[in-house]
Amino acid sequence: MAEVIYGSEIAAEIKAELKIQMDALKQENARLPRLVVILVGAHPASLSYVSGKEKACAAIGMENELVKLGEDTTQEELLTLIQKYNEDEAVDGILVQLPLPKHINEAEILYAIAPDKDVDGFHPYNIGRMMMGSPTYLPCTPKGIMEVLRRITSVDLSGKHAVVIGRSNIVGKPIAQLLLQANATVTITHSKTAQIQSITKQADILIVAVGQPRMVTQDWIKPGAIVIDVGVNRDEQNRLCGDVDFDAVKDKAAYITPVPKGIGPMTIAMLLKNTYDAYLVHRKRK
Ligand code: NDP
């Protein structure tokens, strides 16, 4: 029977640590870290994500500005707004909520955010630094997964076989890179991978970031594996669920993260952490 790793509990610890920092800054009457979140359109999942970020900032006393723009916002308007926040010395982090409407070129928008304010870690400069193993803002979900793995204290990733299902720029590719840097032997799988279960069954650590409700069943798992479920889906009954069949897999794995209360809260905690780190960089420059 697996030990269930609640990311929500780890995230609460991290947020409590950050709140202490915010309280100390208030005592000093110092400027507080400020995160600007830009939402274009009213995608229901995006509305819920940005509201989660707003609440998390409020809970620790970090400043947050939510900019809601209409679905018909143009590329130029969005670029002008980003430039304004790039130049604003009171702003430490800028996050443009994805996905963007189809008429907007997502890559051009992500490139426009100043790398030192790119708290989502999606700018090519920061991705390049991550690839080189240089200090940088890491993308929040992979960073949160690594923090969860670090807290499973008996596990040394060195020499372990880590299998990642999914190769998105947001989760699959960066988590594979971070696992590699931690000396794991990494295999990346995706929708075109042949005999995928024969690969996942070899995984000491299995990271699942696909977006298919309960796709990974017991047959995919090596006994004693660490299973990290990144997926956030709705099942036929409209209940939140992950990409892993939690009830079946928990009997075979050694550790498993649930959905909800798993990686989702870690992602938000890492966004706050990145924003605080950006603040420290900006403060030092003055
Ligand atoms: P993407 O849709 O960008 O990528 C999904 C990946 O899964 C692709 O690489 C795709 O392969 C692969 N895939 C799809 N079907 C299969 C299959 N049958 N077998 C093997 N691989 C498959 O998704 P994201 O990476 O952005 O997100 C993945 C999941 O994680 C989603 O549920 C999302 O909501 C969730 N998520 C959760 C976060 C959190 O904070 N908890 C943060 C970000 C995402 P191919 O490349 O070949 O198409």
Test of understanding: among Leu32, Leu39, which residue is at pLDDT 95 or above and open to solvent by less than 10 Å² (accessible area, probe 1.4 Å)? Leu39
Filter the stretch 234-273 down to the residues that are within 11 Å of the ligand (Cβ to nearest atom), in contact (Cβ under 8 Å) with a residue 24 or more places away in the chain and out of contact with any helix residue (DSSP H, G or I) (no Cβ under 9 Å at 6 or more places or on another chain) and list them by number. Cys241, Asp243
Filtering the stretch 249-264 for residues that are open to solvent by 30 Å² or more (accessible area, probe 1.4 Å) and among the hydrophobic types (A, V, I, L, M, F, W, C) leaves a count of 2
In the stretch 137-147, anything of a type outside the set (Ser, Thr, Tyr), out of contact with any strand residue (DSSP E or B) (no Cβ under 7 Å at 6 or more places or on another chain) and either assigned to a helix (DSSP H, G or I) or surrounded by fewer than 18 Cβ atoms within 10 Å (Cβ to Cβ) (or both) is listed as Cys140, Pro142, Lys143, Gly144, Met146, Glu147
Scanning the stretch 17-29 for residues that are open to solvent by 30 Å² or more (accessible area, probe 1.4 Å), in contact (Cβ under 8 Å) with a residue 40 or more places away in the chain and of a type outside the set (D, E, K, R) gives Gln21
Pairs only if they're at least six apart or on different chains, beta carbon under 8 angstrom, first in the stretch 140-155 and under 18 Å from Asp120 (Cα atoms) and more than 9 Å from the ligand (Cβ to nearest atom), second open to solvent by 30 Å² or more (accessible area, probe 1.4 Å) and among the basic types (Lys, Arg); list them, first residue then second. Lys143/Lys273
Verdict on Leu280 being of a type in the set (A, V, I, L, M), away from the ligand (no atom under 12 Å from the Cβ) and open to solvent by 60 Å² or more (accessible area, probe 1.4 Å): yes
Just checking, which of Val227, Val216 is open to solvent by less than 20 Å² (accessible area, probe 1.4 Å), within 11 Å of the ligand (Cβ to nearest atom), over 16 Å from the mean Cα position of the chain (by Cα) and touching a residue at least 40 places away in the same chain (Cβ under 8 Å)? Val216
List every residue pair whose Cβ atoms sit under 6 Å apart, with the two residues 6 or more apart in sequence or on different chains, where the first one lies in the stretch 183-204 and is over 27 Å from Ser154 (Cβ atoms) and the second, anywhere, is near the ligand (Cβ under 10 Å from one of its atoms) and among the polar types (S, T, N, Q). Ile196/Thr189
Working only within the stretch 55-84, note down all residues that are within 16 Å of the ligand (Cβ to nearest atom) and free of Cβ contacts under 8 Å to residues at least 60 places away in the same chain. Lys55
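The values are calculated or read from the model by the stated rules, or taken from the named source; none is laboratory data. As the structure is a prediction and not an experimental result, all values here were calculated from the model. Here the Cβ is made from the backbone with ideal geometry for all residues, glycine too, and neighbour counts use every protein chain on show. Accessible surface is based on the protein model in full, side chains and every heavy atom, while ligands, DNA and RNA are left aside. Shrake-Rupley method; radii C 1.70, N 1.55, O 1.52, S 1.80 Å.
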